[in-house]
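To start, the structure itself, in structure tokens.
The values are calculated or read from the model by the stated rules, or taken from the named source; none is laboratory data. All figures in this text were calculated on a predicted structure; none of them were measured in a lab. Here the Cβ positions follow ideal geometry from the backbone for every residue, glycine too, while neighbour counts run over all protein chains shown. We work out accessible area using only protein heavy atoms, side chains counted, and drop any ligands, DNA or RNA first. Shrake-Rupley method; radii C 1.70, N 1.55, O 1.52, S 1.80 Å.
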Amino acid sequence: MSAEVLTALQTGPEADPSKAAGVINAIAEETPMPEIPDVLSILPVRGFVVFPGTVAPLNVRRRASIKLLDETLPQSKIIGLITQRDPDKEEPAPQDLYEIGTAAIVLKLLRQGDDHVIALVQGLRRFALRKITSTDPFIRAEITLLESIKPAPSKEWEAAFRNLRDSAAQLLDLTPDAPDQSSVLVRSIEDPEQLVDFLAPNLNIDVAQKQALLEELDLEKRLRAVQTHISAQLEIAQIQQKLQKDVQSQFSDAQRRAYLREQLKAIQRELGEGDTGTDVQIAQLRTRLEEAKPPADVMAQAERELKRLDFIPPASPEYSVIVSYIETIAELPWSKLSEDNLDLDQAQKILDRDHYDLEKIKRRLVEFLAVRKLNPRGHGPILCFLGPPGVGKTSLGQSVADALGRKFVRISLGGIRDEAEIRGHRRTYIGSMPGRIIQELRRAGTRNPVFMLDEIDKLGTDFRGDPASALLEVLDPRQNNAFVDRYLDLPFDLSQIIFIATANYMDGVPDPMRDRMEVISLPGYTEREKLEIAKRYLVPRQLEENGLKPEQCDWQEDALRLVIADYTREAGVRELERQVGAVCRSVAARIARGESSQVTVTTELVGKVLGPALYVRDTKLKTSKPGVVTGLAYTPMGGEVLHIEAARYPGKGNVTLTGQIGNVMKESMQAALSLVRSRDGEIGASPEDFLNYDIHVHVPAGAVPKDGPSAGVAMFTALASLFSNTPVRSDVAMTGEITLRGLVLPIGGLKEKSLAAMRAGITTVIIPKLNEKDLIDVPDEAKEKIKFVPVETVDEVLANALEKKGAPDAIPPLASQEPKAK
């Protein structure tokens, strides 16, 4: 019958069956009290409190507790039960237990296995710990038995006792699941202490409150405390009964969950409280919002959303959407800023440590630091690193963050076609989320990181929008202080971020975006620079990745030069590092087999490991022939040497172009032919030749698409050489756009083209006069090996390119005029 009473009392929204499951309460029969020893074995219990007179099953699983039962029960059936303060602690020490517990007798012991015992115990008397006598293998302690302080008989005391008994019985009558005879059983209890200890363990209160009732020796105070809890529970039961009558007419199976929610809300309204779990979650969200310190308008919007949570059921999909929204706001770094490292010398050291050369970029970054030091409130710059793959654009961004002492954030924009990736999705959609900008700032935890927008030239566009246009606001220092993500629908300040974009080619970048960025070019490396990079960075890194020590693998400089020359063709150093890694793996295999303890990497070993040379270097023409000219081209991979061949044969003046030539290059060819025909007398050609011969112009490497106007000079020279039957000097290369007036216009990529000419062994390069200013960017190594000849007209081109016996150079080499760049 006592188990039924327990079930009846454990009702209401605060009940926790997991903590009270299996606890059986019974009124102690009037049997003689067993003698309780002065020293007891102490069994820690968690999650509930055992009171005198109650019967409870204990699920014993801890080894120390099982050992306690095995060693104590043969001598004495009485043990001490004390509740531990932290229920999650698996091995509680004496200080982890409360000081007052209950002496109990073990009525029955059921073994469920080697590591599981069920002990049925009955509480006898309260006791207090006096002295711990041992803790291993289990706790034993000297105890002092405690007696309750009972008030003197009076009318007031009798009234309080009867009031408690009637309230408990009334609660059972109002409880739908209570057994029929449960209230009769409660009314039959005549001893106040017995009634209080019977009701206390079944109250819907936490363990700490139950322990306080156990420790209260004043019976009058204990009774009043239990009366307070019973009265509150009785009031809830009365409200439940009233609510059931109010909503019973609307009740149906389909409305069951809604009905339960209505019950919960009614109880919360009567108590002036909210649902415990929901209230805790809302309170936590509000605390996190306050810690984030967002602006006032953001906080006001978040508060409005928090208030909506009070009226939305937790099971509603909109509830989780609002919670996710508020969590996003709370996790954004509204007020968190990384402190800049404004030590210019230290920043320079970090940049020099991580990257070789790149002096122009390092100087620009140090300038930014200087400005930040003088004007801390200034806007962050928008930089764009432009260069071929593998030259260190992305890694340079990480070095910038290290030098400044800021967090580094990187997103790859290659292939992104949906503008929602930048601006975010509206919250009207299930599964919506902020854009990549806000998401990365949320992860970074600071409002002023170094933010790298990688591969900005590879953004796509389709029916979902134009991400490049969405980035315009992000990359405008005058507008991005109030960037509005569609998911947040709140302004966020991006002005303190240093945005660094990277691109291989600016042709794919829209003009408005290009206008917002400061473009810094990272051209390809020279062989000397690649050699230094390999020695300083690539070889040590590959040795470490392959488990080699520097003394085990020694690279000769000639071996590195061979790898650079014959096994790579790139402006950067990625392929160079892969080839170095291949050789290092071969050395590692040899050392791992025990064949050698130290290996010197020579040119012979490189050839043996990497095989035949992968690339045949573009070189200057072996001989001079009419109609064959060396041009220069610029590609995203760096500079290239371009041989242009022209041939004529009897025909009707038709022109054939081959070699995957683009439209712009075809127009350059047509302009060059028109210019040659207009100057036939000057170049020594007969007008009839253009009518009696067909012309075929071919640009080798036919599988590679080619386009651009900078080959105009080379095509004009090839045709002029062909029709004048005058060879072009084989050591001369040229670049430049032409007009029908014979002017030579400027081109781009002079540094890359110069490096390509140097690699090919060219000694003279004809360039447009207007590009003379760009020679400052050409490495000194190239200036030492190449004579640069600036020209303004095609006549000057022919004077310097065509072979003329006894004719001096029309213009002296520029290398002797231009001072070396420092």
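Sort out which residues of segment 565-616 are among the β-branched types (Val, Ile, Thr) and modelled with pLDDT under 90, and write them in order of number.
Residues of segment 565-616 among the β-branched types (Val, Ile, Thr): 568, 573, 580, 583, 587, 591, 599-603, 606, 609, 616.
Those that are among the β-branched types (Val, Ile, Thr) and modelled with pLDDT under 90: 568, 573, 616.
Of all helices (runs of 4 or more DSSP H) completely enclosed by segment 148-220, which ones contain at least 1 residues that are under 23 Å from residue 50 (Cβ atoms), open to solvent by 10 Å² or more (accessible area, probe 1.4 Å) and basic (Lys, Arg)?
Numbers: elements: 155-174, 182-187, 192-199, 207-215.
Those helices (runs of 4 or more DSSP H) span 155-174, 207-215.
Taking the conditions exactly as written (within 25 Å of residue 648 (Cα to Cα) and in a helix (DSSP H, G or I)), does residue 714 satisfy them or not? Write out each step before concluding.
Working: within 25 Å of residue 648 (Cα to Cα): yes; in a helix (DSSP H, G or I): yes.
In short, yes.
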Among residues of segment 514-526, those that are touching a Lys or Arg at 6+ places or on another chain (Cβ under 7 Å) and either among the basic types (Lys, Arg) or at pLDDT below 80 (or both), counted: 1
All positions within segment 337-375 that are touching an Asp or Glu at 6+ places or on another chain (Cβ under 6 Å) and closer than 23 Å to residue 777 by Cβ: 356, 357
Qualifying residues in segment 712-752 (those that are within 54 Å of the chain's Cα centre (by Cα) and at positive phi) - the one surrounded by the fewest Cβ atoms within 10 Å (Cβ to Cβ): 749
Pairs where the first residue, in segment 106-126, is touching a residue at least 12 places away in the same chain (Cβ under 8 Å) and more than 22 Å from residue 143 (Cβ to Cβ) and the second is open to solvent by 10 Å² or more (accessible area, probe 1.4 Å) and acidic (Asp, Glu), C-beta under 9 Å, 6+ apart: 117/70
Per-region count, segment 509-539, residues under 26 Å from residue 596 (Cβ atoms) and surrounded by 14 or more Cβ atoms within 10 Å (Cβ to Cβ): 6
Subset of segment 29-52 that is in contact with a strand residue (DSSP E or B) (Cβ under 7 Å, 6 or more places away or on another chain) and within 17 Å of residue 193 (Cβ to Cβ) - its residue that is modelled with the lowest pLDDT: 33
Identity of the residue in segment 664-711, among the hydroxyl-bearing types (Ser, Thr, Tyr) and farther than 18 Å from residue 791 by Cβ, that ends up farthest from the chain's Cα centre (by Cα): 686
Sole exception among (1) farther than 30 Å from residue 376 by Cβ; (2) in a strand (DSSP E or B) for residue 500, by number: (1)
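Restricting to segment 466-497, what's the tally of residues that are in a strand (DSSP E or B) and not β-branched (Val, Ile, Thr)? I'd like the intermediate steps shown before the answer.
Of the residues in segment 466-497, the ones in a strand (DSSP E or B) are 483-484, 491-492.
This time we only want the ones that are not β-branched (Val, Ile, Thr), so: 483, 491-492.
Of the residues in segment 466-497, 3 are in a strand (DSSP E or B) and not β-branched (Val, Ile, Thr).
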Of all residues in segment 757-776 being assigned to a helix (DSSP H, G or I) and touching a Lys or Arg at 6+ places or on another chain (Cβ under 9 Å), the one that is nearest to residue 631 (Cα to Cα): 757
Entirely in segment 363-465, the strands (runs of 3 or more DSSP E) that have 3 or more residues that are of a type outside the set (A, V, I, L, M) and without any contact (Cβ under 8 Å) to a residue 60 or more places away in the chain: 408-412
Filter result (within 16 Å of residue 428 (Cβ to Cβ) and either in contact with a strand residue (DSSP E or B) (Cβ under 7 Å, 6 or more places away or on another chain) or open to solvent by 50 Å² or more (accessible area, probe 1.4 Å) (or both)) within segment 303-326: 308, 317, 318, 320, 324
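For residue 810, are the conditions met, namely being at pLDDT below 90 and surrounded by fewer than 16 Cβ atoms within 10 Å (Cβ to Cβ)? If you could, list the steps in order and put the result at the bottom.
Details: at pLDDT below 90: yes; surrounded by fewer than 16 Cβ atoms within 10 Å (Cβ to Cβ): yes.
The answer is yes for residue 810.
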